[in-house]
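All of the numbers you see were taken from the coordinates with simple rules; none came from a lab. Computed from a prediction, not measured in an experiment: that's the story for all the values here. Glycine gets a Cβ as well: all are built from the backbone with ideal geometry, and neighbour counts include every protein chain shown.
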Amino acid sequence: MPTRSLNDLPIEGKRVLVRVDFNVPQSPQGAITDDSRIVASLPTIRYLIDHKAAVILMSHLGRPDGKVNPAYTLAPCAKRLSELLKQNVISAKDCVGKEVEGLVAALKPGEVLMLENLRFHPGEEHPEKEPGFTEGLAKLADFYVNDAFGTAHRAHASTVGVPSLLNGKSVAGFLMDKEIGCFNQLLTDPKRPFYAIIGGAKISTKCQMIEALIQKADAVFIGGGMTYTFMKAQGIAIGDSIHEDPFLEKAKELLDRYASSGKLFLPIDLVIADQLSEKASFRQVKVSEGIPKGFQGVDIGSGTVNLYASKLRSAKTVFWNGPLGVFEVPQFAKGTQAIAHVLAQIDAKTVVGGGDSIAAIKAAGVEDKISHISTGGGASLEMIEFGTLPGVKVLS
Ligand code: AMP
């Protein structure tokens, strides 16, 4: 069922409570190091201001675990937002309670109030631990807008509880609409060939998604740390490489079912290193040679880059999640960087999700050449796996 959109709401003069995702990376001193998430929410916030709504923003930041912790205050985000909007953003000291209700009552059309970190209250992540928390948020608003795709896979008070209470008065924001539209198209009507590239550290966090993608895509290309669980499952030596023994059976099952039919591709060569640092001694080996003790796999090799690139050049749709090597070490980022450049060059709809893959795209300087950079890592994985998210379903 489609979600209702912000354009459908009569918001003039109304109080609109918006769930944004301002969970931004910060330096140890608390400075925002990447404001992309704040920037991504601007179209919705500006629309509300321009249409004379009183705008109340709520978000989480970090993991304060239900306790007030000044290290996770949203005040720096309110300040950054105020600079971007070129207007004052009022900061509340809490997200529920009498003082907040007073600030909301005084809020005029076109003004913006930023509530304090939702996760300072246990009721955000565990509504049963704080009766009345969800109601305390819902009573602030005439309408609810969810623009936090990155948190829509979590059934929390601010993502599922509040819109359930404000049933019929809850819609998706513009960023959320864009994300849902992109993934719906990818899952239901992708232009073909549709290829997926899956990397990252562990097979355990991604095997469900790999299975879901194998059903939808024409082929899935594997890289990153999960490669070594697949290799070990085939009886190939992996030296000291990262791997997950409990998933050997699963890896074998996926290989047996899909590798011979050309739906699942694994690296054919690798870069191996004696340590995970810039001082490492490293070299390229063929997968069939195996990895000796004292070495670990850290990147896909040049043959694998060529193999994957030759397939990707004919793609009409590509989804990418997870780096293909330990890309934080420059020497081991070559495979990931090469694939980022291939995606930038091809004439296809390219969708990238997950913080590390986005960082790789940015490091390669090709973010403008990617069709859609998703704001949700975990959310994009669950969207692929289940076709919807708790915070999206509740808006239908
Ligand atoms: P994920 O969050 O699952 O997408 O994993 C991202 C992390 O996987 C990055 O920090 C990479 O350094 C790591 N990674 C990728 N390839 C390897 C590898 N071969 N060995 C160890 N870690 C890896």
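Details
- Computed Kirkwood radius, in angstrom, where 1/r is averaged over Cα pairs of the chain: 22.3
- Pairs of lysines in the range 6-175 whose Cα atoms sit within less than 15 Å of one another amount to 10, provided the residues are eight or more positions apart or on different chains.
- Set of aspartates and glutamates with alpha-carbon distance to Lys202 below 12 Å, sequence-local pairs under 8 removed: Glu244, Asp245
- Dipole of the range 6-175, positive direction: furthest Cα of Leu9, Ala141, Thr33, with charges on the beta-carbon: Thr33
- Given R0 = 51 Å, the distance between the Cβ atoms of Asn88 and Ser288 translates into a calculated FRET efficiency of 0.20.
- Modelled label positions at Ala259 and Asp368, each set 7 Å beyond Cα in the direction of Cβ, lie 4.2 nm from each other.
- Efficiency of FRET from Cβ geometry, Asn184 and Asp245, R₀ 56 Å, rounded to 0.05: 0.95
- When each of Lys311/Lys349; Lys206/Lys293; Lys216/Lys263 is checked by Cα-Cα distance, pairs over 21 Å: Lys206/Lys293
- Label-to-label distance, nm, for residues given as Lys139 and Ala105 (7 Å Cα→Cβ offset): 1.1
- q = 0.09 Å⁻¹: log10 I(q)/I(0) that the Debye formula gives for the range 6-175, counting C-alpha atoms only: -0.25
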